[in-house]
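Remarks on the structure that follows.
The values are calculated or read from the model by the stated rules, or taken from the named source; none is laboratory data. It should be emphasised that the depicted structure is a prediction, and the values quoted were computed from it without experimental measurement. Cβ placement follows ideal geometry from the backbone for every residue including glycine, while neighbour counts extend to all protein chains displayed.
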Amino acid sequence: MADTHRTIGSLSVHPLALGGNVFGWTADEKQSFAVLDAYAEAGGNFLDTADVYSAWVPGNQGGESETVIGDWMAARGNRDAVVVATKVGHGVPEHRGLKPAVIKADVEASLRRLRTDRIDLYYTHVDDESVPVEDIITTLDALVKEGKVREIAASNITAERLRASLAFSEASGLAKYVAIQPHYNLVSRDTYEGDLAAAAAEHGLAAVPYFALASGFLTGKYRPGATVDSARASGAGKHLESERGVRVLAALDEVAAARGAEVATVALAWLAAQPTVATPLASARTVDQLPALLAVADLKLTDTELTKLTAASA
Ligand SMILES: NC(=O)c1ccc[n+]([C@@H]2O[C@H](COP(=O)([O-])OP(=O)(O)OC[C@H]3O[C@@H](n4cnc5c(N)ncnc54)[C@H](OP(=O)(O)O)[C@@H]3O)[C@@H](O)[C@H]2O)c1
């Protein structure tokens, strides 16, 4: 029986957030539409993108992923059925940082590309410590009041700045972050576990961990001697060089075999079971890759399985 939707502030989302950095990068428009259709047909409603995706591709400007999603929602006429998350502040130099003028200009560009009048969840992509949290929150609050943004969230922020942001929101009665998007998976736990997760827990924030599959490593397709044809191979494959990566893979193999599940599903189910995590965030480049990710909604690991995986990743 499939897991039910999760709550992020006023939003109700599917237990798998679908990553959008592939759209306009490793997936062209046709392939992206196919992945989006398959995700929606399976009940998925939570899309993650950013104004900078995918500016690293030669010839791209950034905004290609938002454009794909906007065109797809327009073509399918399903805007109201989709929860769209996008991010600001990590773009090409003139769109970098979180100065109020940058946020105010860039939200308009995101809305245009997404072909919508509101963004459901708007993240600061990477914190900008040159801007006081008061200025960032006040600017985001104005967007909420104007109806351009429904909920606000933060990605790549320290516990200290997160706490300061939340304290200011509470004291001033302005919009408050409802979610955090940290780098978090079985081979990368240090950024989130500890003070940042504690701050999120204290304030009831929902975590939406990115790189949930460690760029593909946690699917189990990177093995000693195997050649993987992927734009991510050099980064994802490096985890095989660490003892931790090898231990995690062995534990994933064991749990996956015992449960008759894909390695990727087990990796996502471990994340989904961690405190504060609302939905793991992972991408699929092709329709074939999607079922293993969607299956996280149906796989609940036992305490013994969780402990085995946690110990292997220590
Ligand atoms: N806030 C931030 O700073 C930040 C940073 C990074 C990402 N993100 C967000 O997080 C999302 C997820 O991160 P990510 O997409 O970079 O990495 P990821 O989800 O950890 O890895 C996804 C990649 O793994 C491979 N894969 C997925 N399912 C597979 C399967 N069943 N079998 C084999 N291979 C499979 C695919 O790549 P190949 O087929 O190409 O190998 C896919 O693109 C992004 O799309 C983006 O929305 C946010």
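Scanning the stretch 214-243 for residues that are among the hydrophobic types (A, V, I, L, M, F, W, C) and surrounded by 14 or more Cβ atoms within 10 Å (Cβ to Cβ) returns Ala214, Phe217, Leu218, Val228, Ala231, Ala233, Ala236, Leu240. Of all residues in the stretch 84-94, exactly one satisfies the criterion of being surrounded by fewer than 21 Cβ atoms within 10 Å (Cβ to Cβ) and within 21 Å of the chain's Cα centre (by Cα), namely Val92. The set of residues from the stretch 277-314 being polar (S, T, N, Q) and surrounded by fewer than 22 Cβ atoms within 10 Å (Cβ to Cβ) comprises Thr286, Gln289, Thr302, Thr304, Thr307, Thr310, Ser313. Tell me whether the stretch 64-76 contains one or more residues that are crowded, with 19+ Cβ neighbours inside 10 Å and either part of a loop (DSSP other than H, G, I, E, B) or at pLDDT below 95 (or both). No, that holds for no residue. Picking from residues in the stretch 95-110 that are closer than 20 Å to Asn21 by Cα and surrounded by 19 or more Cβ atoms within 10 Å (Cβ to Cβ), the one that is nearest to the chain's Cα centre (by Cα) is Ser110.
Scanning the stretch 68-91 for residues that are more than 12 Å from the ligand (Cβ to nearest atom) and polar (S, T, N, Q) yields a single hit, Asn78. In the stretch 142-151 there is at least one residue that is in a helix (DSSP H, G or I), in contact (Cβ under 8 Å) with a residue 12 or more places away in the chain, crowded, with 20+ Cβ neighbours inside 10 Å and over 17 Å from the mean Cα position of the chain (by Cα).
Here the condition is being within 30 Å of Ala142 (Cβ to Cβ) and either of a type in the set (Val, Ile, Thr) or under 15 Å from the mean Cα position of the chain (by Cα) (or both); of Ala197, Ala175, Ala206, Ala171, it holds for Ala206 alone.
Just a yes or no: is a residue in the stretch 77-90 out of contact with any His (no Cβ under 8 Å at 6 or more places or on another chain), at pLDDT 95 or above and farther than 23 Å from Leu11 by Cα? Looking through the stretch 77-90, none of the residues is out of contact with any His (no Cβ under 8 Å at 6 or more places or on another chain), at pLDDT 95 or above and farther than 23 Å from Leu11 by Cα.
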